[in-house]
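*Asks:* Encoded as structure tokens, here's the structure I'll be asking about.
The values are calculated or read from the model by the stated rules, or taken from the named source; none is laboratory data. Quick caveat, the model's predicted, so the values are computed rather than measured. No Cβ is skipped: glycine too gets one built from the backbone with ideal geometry, and neighbour counts run over all protein chains shown.
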Amino acid sequence: MGPQQLFLIILGIIVVGLTIAVGVSMFSDHSVKSNEDAIRADLVNLGADGYQYKIKTLSQGGGNGSYAGYGLESDGAWGSGNQNAVYEIVAQTSSEFSVKGSSKQIEGASVIITFDSKGQISEGPVSAGF
């Protein structure tokens with residue numbers, strides 16, 4: 001083999017290596033974003049669950065117009081989390097509450113959303129660690 005052929009082979013190996021590295025990086029970025037989006041969606045569903053609790057009367061097992069008393073049972077679906085995250089209520093009053101999802105896939109990553117008295121998002125989502 002001549003020096004030109006050797007150069008082309010080395011150049012080809014470098015191009016293939018860079019292409020693989022870029023592909024792995026793109027996949028990793030997509031995976032991180034996908035996990036963040038899934039946690040946000042779960043928190044919105046959790047907010048709707050909290051609002052359903054708030055608008056139910058005491059006789060129906062609700063909060064009678066208040067978020068006070070709404071909780072996530074540790075052995076329930078939200079308390080133990082799912083494949084995306086572990087969820088917890090981080091602040092709660094009668095008229096609003098904040099929930100946090102701590103990622104199970106990315107160490108130290110979390111999302112917090114605060115819901116108002118109408119069940120709407122009043123603050124957030126605030127992401128950290130993604």
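*Asks:* I'm checking my understanding of the structure. Among residues of the stretch 96-130 that are within 13 Å of residue 51 (Cβ to Cβ) and hydroxyl-bearing (Ser, Thr, Tyr), which one is nearest to the chain's Cα centre (by Cα)?
*Replies:* Residues of the stretch 96-130 within 13 Å of residue 51 (Cβ to Cβ): 96-97, 99, 113-122.
Now drop any that are not hydroxyl-bearing (Ser, Thr, Tyr), which leaves 114, 117, 122.
Details: 114: 14, 117: 23, 122: 17 Å.
It comes out as 114.
*Asks:* Do we have any residue at all in the stretch 14-32 that's under 30 Å from residue 116 (Cα atoms), out of contact with any Asp or Glu (no Cβ under 6 Å at 6 or more places or on another chain), touching a residue at least 12 places away in the same chain (Cβ under 8 Å) and not hydrophobic (A, V, I, L, M, F, W, C)?
*Replies:* Scanning the stretch 14-32, I find no residue that is under 30 Å from residue 116 (Cα atoms), out of contact with any Asp or Glu (no Cβ under 6 Å at 6 or more places or on another chain), touching a residue at least 12 places away in the same chain (Cβ under 8 Å) and not hydrophobic (A, V, I, L, M, F, W, C), so the answer is no.
*Asks:* Then there's this: Residues being of a type in the set (Val, Ile, Thr) and surrounded by 15 or more Cβ atoms within 10 Å (Cβ to Cβ): count how many of those fall in the stretch 21-43. So that I can check it myself, show each step before the final result.
*Replies:* Within the stretch 21-43, the first condition is being of a type in the set (Val, Ile, Thr), and the residues that meet it are 22, 24, 32, 39.
When the remaining residues are screened for being surrounded by 15 or more Cβ atoms within 10 Å (Cβ to Cβ), the result is 32, 39.
Summing the residues that are of a type in the set (Val, Ile, Thr) and surrounded by 15 or more Cβ atoms within 10 Å (Cβ to Cβ) in the stretch 21-43 gives 2.
*Asks:* Please indicate, with yes or no, whether at least one residue in the stretch 15-28 is more than 21 Å from residue 124 (Cα to Cα), at pLDDT below 90 and aromatic (Phe, Trp, Tyr).
*Replies:* Yes, because at least one residue in the stretch 15-28 is more than 21 Å from residue 124 (Cα to Cα), at pLDDT below 90 and aromatic (Phe, Trp, Tyr).
*Asks:* Hey, could you check the stretch 80-95 for residues that are assigned to a strand (DSSP E or B) and closer than 19 Å to residue 53 by Cβ and say which is farthest from the chain's Cα centre (by Cα)?
*Replies:* 92
*Asks:* Tally time: how many residues in the stretch 55-98 are of a type in the set (D, E, K, R) and within 15 Å of residue 44 (Cα to Cα)?
*Replies:* Of all residues in the stretch 55-98, those of a type in the set (D, E, K, R) come to 56, 73, 75, 88, 96.
Narrowing further to those that are within 15 Å of residue 44 (Cα to Cα): 88, 96.
Residues flagged as of a type in the set (D, E, K, R) and within 15 Å of residue 44 (Cα to Cα) within the stretch 55-98 amount to 2.
*Asks:* What's the number of the condition residue 100 fails, among (1) among the charged types (D, E, K, R); (2) surrounded by fewer than 18 Cβ atoms within 10 Å (Cβ to Cβ); (3) not in a helix (DSSP H, G or I)?
*Replies:* (2) is the only condition that residue 100 fails.
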